[in-house]
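Mind looking over this structure? Questions follow.
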Amino acid sequence: MTITSLLPGRLGLGTAPLGSMFRDVSDEEAAATVDAAWDHGIRYYDTAPFYGAGLAEIRLGDALAGRPRDSYVLSTKVGRVILDEVEDPAARELGEKGGLFEHGRPNKLVHDWTADATKRSIEDSLRRLRTDRLDIVWVHDVAQDFHGDEWLAVYESARTGAFRVLQQLRDEGVIKAWGLGVNRVEPIELTLDLDEPKPDAFLLAGRYTLLDHDRALQRLLPTAADQDVSLVVGGPYSSGILAGGTHFEYQDAPAHIIEKVARIKELAERHGVSVKAAALQFSLAHPAAAAVIPGATRPSRIAEDVAALAEAVPAAFWTELREAGLVSPLAPLPTA
């Protein structure tokens, strides 16, 4: 089964914000957001133990409890084991993502991509999600943004541990697909060069957006297309700056990004286009893109995402966006 045939639609829900990312999100707000996604027909949900030290998984599991399990697709990630002992969430060493989930649970995070940790992580996720099976499992964050110069050692641990476990589980039919869930292209490029094991897809967050797509277009996406490995686009709003927020790459947006967003917004307004529509439709225009999974913590955002995906965007907008140098000449556009 290919990832494209597995996914129930091109729009899913990313649940990092349900782990109280950036701010303290209430249980009620989180539940209402998942309910809104369900009511709008969204049937693919992505989560991870990392999101609030299990908080997002718990909230998603509670919100989906009682829904027919065969009616939705669920993915989570491996690479972090959540312990019962506690720590200061604000003091965790998370590379470029320090403080991201300081409002989440205080449970201690252990970074571990070995075979045994992968099996334990899956068992723990099943319990938190209140389900008996996972459809897709991503190997989480084996890249430079978390590990700096040590990332290759972490990647090697995952290659000999998590990769092999997930390939075996897929081959046995326990899960339907596996791949990498990362914020950088390099670990995916390495994985696509391996003879074995072979992933089914990858989740790439923040690297195929209106604001950042050049590197992915150089080698990663052509290779993925050649190997029939699909892309799930995470972070299509670049941490919020393309949806009216102030964050880019999980931090306050720098001046040059703010200036670029202003140019995109000005062009969009002249053509009567919402920036959200431009962002989602751009990310899905590449042939390798199977789905896009924006995150949300307010029910109203779900309706906006659904409308943005359906919005009619004139060809002239995309033409002018390209002529203004705001997108790569190599990027497929929705009207191309």
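The values are calculated or read from the model by the stated rules, or taken from the named source; none is laboratory data. None of these values were measured; they are calculated from a predicted model. Cβ: placed from backbone, ideal geometry, glycine included. Neighbour counts: every protein chain shown. Note: accessible area is taken over every heavy atom of the protein model, side chains too, but ligands, DNA and RNA are not part of it. Shrake-Rupley method; radii C 1.70, N 1.55, O 1.52, S 1.80 Å.
Residues in the range 92-113 that are at pLDDT 95 or above, out of contact with any helix residue (DSSP H, G or I) (no Cβ under 6 Å at 6 or more places or on another chain) and either within 26 Å of Ile3 (Cα to Cα) or in a loop (DSSP other than H, G, I, E, B) (or both): how many?
1
For Asp212, which of the numbered conditions (1) part of a helix (DSSP H, G or I); (2) open to solvent by 40 Å² or more (accessible area, probe 1.4 Å); (3) within 26 Å of Gly99 (Cβ to Cβ) fails to hold?
Here Asp212 clears every test but (1).
Mind listing whichever residues of the range 305-320 are touching a helix residue (DSSP H, G or I) at 6+ places or on another chain (Cβ under 8 Å), in contact (Cβ under 8 Å) with a residue 40 or more places away in the chain and either within 19 Å of Ser238 (Cα to Cα) or acidic (Asp, Glu) (or both)?
Hits for the range 305-320 are Asp305, Leu309, Glu320.
Pull up the range 74-88, narrow it to residues that are β-branched (Val, Ile, Thr) and closer than 24 Å to Leu6 by Cβ, then point me to the one that is farthest from the chain's Cα centre (by Cα).
Val78
Results for (1) surrounded by fewer than 20 Cβ atoms within 10 Å (Cβ to Cβ); (2) more than 18 Å from the chain's Cα centre (by Cα); (3) over 17 Å from Leu11 (Cα atoms), shown as yes or no for each residue.
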{"site": "Arg270", "(1), (2), (3)": "yes, yes, yes"}
{"site": "Val275", "(1), (2), (3)": "no, yes, no"}
{"site": "Gln281", "(1), (2), (3)": "no, no, no"}
{"site": "Ala288", "(1), (2), (3)": "no, no, no"}
{"site": "Pro299", "(1), (2), (3)": "yes, yes, no"}
{"site": "Arg322", "(1), (2), (3)": "yes, yes, yes"}
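Look at Ala262 and say whether it is over 21 Å from Val34 (Cα atoms), among the small types (Gly, Ala, Ser) and touching a Lys or Arg at 6+ places or on another chain (Cβ under 8 Å).
no
Just give me the residues in the range 112-121 being closer than 30 Å to Ser71 by Cβ and open to solvent by 20 Å² or more (accessible area, probe 1.4 Å), in sequence order.
Result: Lys119, Arg120.
Now, a different point. What is the residue count in the range 132-171 for residues that are surrounded by fewer than 17 Cβ atoms within 10 Å (Cβ to Cβ) and among the acidic types (Asp, Glu)?
So the count comes out to 5.
May I ask you to say which residue of Val73, Val25, Val78, Val34 is open to solvent by less than 20 Å² (accessible area, probe 1.4 Å) and over 26 Å from Gly179 (Cβ atoms)?
Step by step, each of Val73, Val25, Val78, Val34 is checked, and only Val25 is open to solvent by less than 20 Å² (accessible area, probe 1.4 Å) and over 26 Å from Gly179 (Cβ atoms).
Looking only at residues in the range 172-200 that are β-branched (Val, Ile, Thr) and open to solvent by less than 50 Å² (accessible area, probe 1.4 Å), which one is nearest to the chain's Cα centre (by Cα)?
Filtering first and then ranking leaves Val182.
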